[in-house]
Amino acid sequence: MTGTSQVHQTLETDREVADDDRRTFVLDETGFKEVPKRWRRFYRHWQGEGDSLGPNEVICPVCKVVIRSTREFRPGDRVYCMPCMSRMVVVRRDDGTLEAEVTY
Amino acid sequence: MTSTQLGAAGSEGLDSEEPHGLDETAFYREVRSFSFWFEAVEGYLEGRPHGYVPSTPDEELDPRRRERLITTLCNYCVGEAAALEGASGMVRLAPNHNSRIFMATQVADEARHLEVFLHRLGELGVTDPELEVRRRAHPSIVAFKHQLLELVDAGDWDAAVFALNVLLETLEFTVFRHHARTADVITSQILDGVVSDERRHLGFGENTLGHHLVGHPTDRTRLIEIKGHLDSLVMGALDGAYGDLGLHRGERPKLGRDYLQAVERLGILS
């Protein structure tokens, strides 16, 4: 588990790249149980046909779990998939949709 | 979407518990720790001593479906035994303590998978599961197991990670996810728990190899060769598994899609 200073450092970094008008979200529990309790609301299972992603959600290309944030995603944001331990960056595809791209 | 929008806000709205706020070192320390593993598996295995809720009623399967399920589970056992033996050998090969600790958690996961599949075989009336596994095992998955263990015995960490955590885990992840949707309710619950474990294993494989290849890009050539040797065995094992599940070719989910995406991200397409 990280210390507070590390979180604050990241906040500062994000402030440099983020617009000021990002929407923020309160995340509910989704029934996802594949990570320790404190992280569970940041992930959910993709429900298949009929499901859709919110502006604060991207799909992990490695393990297909939906990754969530308390704020709207923007290109360049760093995201972590804890269920499969992958690091990613949010990118915008040609069709305008946001996707997570794995970084090593 | 199950979140509630609050309204416009700046980055100061980022939740202090947001995992995406961790730095890289803290992230890996967290997700590759024993406590993370323990709390994760507790979440989906608590109260499921054999991988399913004990009060779940067992459906009566017609003889043909039961036979197919037995053959399928026997082959899952070969794959899980390969993973267990491979992962236990890889604890010693791991290049750092972080990876060593992770592999130890994977050993425990694989042992549990083997145990719950053997237990399910017993529930289906198989009196000697070990014998039945030997009788019903497809040659491709048996040959894959031998190849994997040769890589482990040779002390080849990168190749072993590729064979076990990328190839075999992607195969299992794809087949188990599909089977869980069509299986009887007890087998389905067992498979769901196994799939949750497989996410960690395949993610570890891709990320470990991906990180290594950034610093050692010429190692791709060797991994492409290994992929060439193992591809036919993986595809043979997949064909066998889908055949046991009674799927016609047109109904088969594409392992190719998940697998090719993974190797493409790693840049080891042949």
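Around the amide H of A:Val65, modelled in the peptide plane, lie the amide H atoms of A:Cys60, all under 5 Å away and 5 or more residues distant in sequence or on another chain.
In the range B:57-266 the Cα-Cα distances spread across 10 Å bins starting at 0 as 8, 36, 36, 15, 3, 0 percent of all pairs.
With θ taken as phi - 60° and the Karplus curve 6.51 cos²θ - 1.76 cosθ + 1.60 applied, the whole-hertz 3J(HN,Hα) list for the range B:38-44 is 5, 5, 5, 5, 4, x, 10 Hz, x standing for glycine and proline. For the range A:37-95, the carbon plus sulfur part of the accessible surface works out to 46%, probe radius 1.4 Å. In order along the range B:68-74, the Karplus-derived 3J(HN,Hα) couplings, from 6.51 cos²θ - 1.76 cosθ + 1.60 at θ = phi - 60°, round to 4, 5, 4, 4, 4, 5, 4 Hz, and Gly and Pro are given as x.
Counting Cβ atoms of other protein chains within 10 Å of each Cβ in A:42-50 and taking the mean gives 1. Going toward the positive end of the dipole of the protein assembly as shown, with +1 on Lys and Arg Cβ and -1 on Asp and Glu Cβ, which of A:Pro83, A:Val65, B:Gly228 do you reach last? Checking the options against the dipole of the protein assembly as shown, the answer is B:Gly228. Scanning residues 5 or more positions from A:Val79 or on other chains, those with amide H under 5 Å from its amide H are A:Met88, A:Val89, A:Val90, with H placed 1.01 Å from N in the peptide plane.
Adding -39500 (n - 2.57) for every DSSP H run of four residues or longer, then dividing by how many residues the protein assembly as shown holds, sets the calculated 222 nm ellipticity at -18000 deg cm²/dmol.
Averaged over the residues of peptide A:23-30, the number of Cβ atoms from other protein chains lying within 10 Å of each residue's Cβ is 6.
Tell me whether the range B:10-133 comes out rounded, prolate or oblate; compute the Cα gyration tensor, take square roots of the eigenvalues as a ≥ b ≥ c, and use a/c under 1.5 as the rounded threshold.
oblate
Put simply, the amide H of A:Phe73, placed in the peptide plane, has neighbours under 5 Å in A:Asn56, A:Glu57, leaving out anything fewer than 5 places away on its chain. Mean-square fluctuations from a GNM of chain B, with a 10 angstrom spring cutoff on Cα atoms, peak among B:Leu61, B:Leu168, B:Leu148 at B:Leu61. The share of accessible area on the range B:57-266 that comes from carbon and sulfur is 54 percent, using a 1.4 angstrom probe.
Whole-Hz Karplus values for the range B:46-60 come out as 4, x, 10, x, 10, x, 8, 5, x, 7, 5, x, 8, 6, 7 Hz, taken residue by residue from phi with 6.51 cos²θ - 1.76 cosθ + 1.60 and θ = phi - 60°; glycine and proline positions read x. Note that the range A:23-103 presents 39 Å² accessible area per residue, ligands and nucleic acids not counted, probe 1.4 Å. Above 37 Å, the calculated P(r) of the protein assembly as shown contains 21 percent of its Cα-Cα pairs.
The values are calculated or read from the model by the stated rules, or taken from the named source; none is laboratory data. In this text the structure is predicted, and so the values were computed from the model without any measurement. Please note: Cβ atoms are built from the backbone with ideal geometry, for glycine as well, and neighbour counts cover all protein chains shown. Just the protein is used for accessible areas: all its heavy atoms, side chains included, with ligands, DNA and RNA removed. Shrake-Rupley method; radii C 1.70, N 1.55, O 1.52, S 1.80 Å.
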